[in-house]
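Notes to accompany the following structure.
The values are calculated or read from the model by the stated rules, or taken from the named source; none is laboratory data. What you are looking at is a predicted structure, and each value in this text was computed from that prediction instead of being measured. Counting neighbours? That spans all protein chains shown, and the Cβs are built from the backbone with ideal geometry, glycine included. Surface accessibility is based on the protein's heavy atoms, side chains included, excluding ligands, DNA and RNA. Shrake-Rupley method; radii C 1.70, N 1.55, O 1.52, S 1.80 Å.
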Amino acid sequence: MKQLFFSIALISLFTLSSCAKNPGSDAVDEECPSGACSEQDLNAPVGQQPPVEPHIPYDHVPGNPPRASLRFPEFDPRWGLTRRIYDEAAAYFELNKGTIPNPRYFTVVDFNLSASQKRLFLFDLSDGSIEKHAVAAGKNSDPENDGYATQFSNQIGSEMSSLGFYRTLQTYNGKHGLSLRLEGLSPTNSNALERAIVMHPADYVSDSAPKAGRSWGCPALDPNVSSSMISRVKNGSVLLIDR
């Protein structure tokens, strides 16, 4: 009987240990593998890079919906998105949609919401559809690790998220996989390129996990959705991160 009890205990311990290591079961943070890295080190290109895509104006691509037909859907409080942030995004789009290189998609991150909620909103302005996904905040933006980002910075090395409007640029292969460069368009995020603040997949973010982990300032995504999202929003769409 004692031997049977001991065997059951060992199986239970092994099961608990396996669950604790299950990706997505608990939020973790971005870690520096070498012990001395910067934001630029973490998001540096690695390996073979994709060829530079030729720039073709949006209006010259067959099948793209006409700019005049693109619009934000009517606000719906059931989305969970803060109305003020929605209004800010919609107003920016209406003012600039004639010059936005990739106007079909508009991404909004609402840091009023907790890391336990899907706080990234991807709008397809051709049909008014919306997707919601988990997204990381910078670890020093959430210093209490309670899931709420409350502090923001444009400073290099701050390991914080930066608020403001961004323009997506080109993709590249980084240490996290397919990554998307971001250019800050606001005074509050003007150092985004120099900081190497990019959109990338991360194993500490999952749409099905109880809580997203913390990055070093990047809007990191669930690896299961990042490639699909990056392929749509790359090359000149707008991202707004706000609170």
How many residues does the range 122-158 hold that are under 16 Å from the mean Cα position of the chain (by Cα), surrounded by fewer than 20 Cβ atoms within 10 Å (Cβ to Cβ) and acidic (Asp, Glu)?
-> 1
Of the conditions (1) modelled with pLDDT under 95; (2) in contact with a helix residue (DSSP H, G or I) (Cβ under 7 Å, 6 or more places away or on another chain), LEU42 fails just one. Which one is it?
-> (2)
Being part of a helix (DSSP H, G or I), farther than 29 Å from LYS97 by Cβ and free of Cβ contacts under 8 Å to residues at least 60 places away in the same chain is the filter here, so list the residues in the range 37-67 that pass it.
-> ASP41
Of all residues in the range 37-67 being of a type in the set (D, E, K, R) and more than 30 Å from TRP216 (Cβ to Cβ), the one that is farthest from the chain's Cα centre (by Cα) | ASP59
Within the range 142-155, is even one residue touching a Phe, Trp or Tyr at 6+ places or on another chain (Cβ under 7 Å) and either modelled with pLDDT under 95 or under 28 Å from VAL28 (Cα atoms) (or both)?
-> yes
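Just give me the residues in the range 83-102 being among the β-branched types (Val, Ile, Thr) and either over 23 Å from SER114 (Cα atoms) or free of Cβ contacts under 8 Å to residues at least 60 places away in the same chain (or both), in sequence order. Break it down into steps so the answer makes sense when it comes.
If we filter the range 83-102 for residues that are among the β-branched types (Val, Ile, Thr), which is where we start, we get 85, 99-100.
Scanning the range 83-102 gives THR99, ILE100.
Would you tally the residues in the range 105-119 being within 14 Å of ARG167 (Cβ to Cβ) and open to solvent by 10 Å² or more (accessible area, probe 1.4 Å)?
Keep residues of the range 105-119 that are within 14 Å of ARG167 (Cβ to Cβ), which gives 105-107.
Keeping just the survivors that are open to solvent by 10 Å² or more (accessible area, probe 1.4 Å) gives 105.
Count: 1.
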Please enumerate the residues belonging to the range 188-203 that are of a type outside the set (Gly, Ala, Ser) and surrounded by fewer than 23 Cβ atoms within 10 Å (Cβ to Cβ).
-> THR188, ASN191, LEU193, GLU194, PRO201, ASP203
Out of (1) touching a Pro at 6+ places or on another chain (Cβ under 6 Å); (2) without any contact (Cβ under 8 Å) to a residue 60 or more places away in the chain; (3) open to solvent by less than 20 Å² (accessible area, probe 1.4 Å), the one GLY236 does not meet is (2)
Could you tell me which numbered condition ARG167 fails, if it satisfies all but one of (1) of a type in the set (Lys, Arg); (2) touching a helix residue (DSSP H, G or I) at 6+ places or on another chain (Cβ under 9 Å); (3) open to solvent by 60 Å² or more (accessible area, probe 1.4 Å)?
-> (2)
What is the residue count in the range 9-27 for residues that are open to solvent by less than 70 Å² (accessible area, probe 1.4 Å) and either modelled with pLDDT of 50 or more or touching a His at 6+ places or on another chain (Cβ under 9 Å) (or both)?
-> 1
Would you pick out the residues in the range 68-98 that are polar (S, T, N, Q) and either in a helix (DSSP H, G or I) or closer than 30 Å to GLY174 by Cα (or both)?
-> SER69, ASN96
Kindly list, by first and then second residue, each pair from a residue in the range 150-170 that is among the charged types (D, E, K, R) to a residue that is modelled with pLDDT of 95 or more and open to solvent by less than 20 Å² (accessible area, probe 1.4 Å), limited to pairs with Cβ atoms under 7 Å and residues at least 6 apart or on different chains.
-> GLU159/GLY138; GLU159/GLY217; ARG167/GLY236; ARG167/VAL238
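Quick check on my filter: what residues within the range 105-118 are assigned to a loop (DSSP other than H, G, I, E, B) and touching a Lys or Arg at 6+ places or on another chain (Cβ under 8 Å)? Before the answer, list the steps.
So in the range 105-118, the residues assigned to a loop (DSSP other than H, G, I, E, B) come out as 111-118.
PHE111, ASN112, LEU113, SER114, ALA115, SER116, LYS118 - these are the residues of the range 105-118 that are assigned to a loop (DSSP other than H, G, I, E, B) and touching a Lys or Arg at 6+ places or on another chain (Cβ under 8 Å).
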Of (1) of a type in the set (Lys, Arg); (2) open to solvent by 30 Å² or more (accessible area, probe 1.4 Å); (3) in contact with a Leu (Cβ under 7 Å, 6 or more places away or on another chain); (4) closer than 21 Å to VAL198 by Cα, LYS97 satisfies all except one. Which?
-> (4)
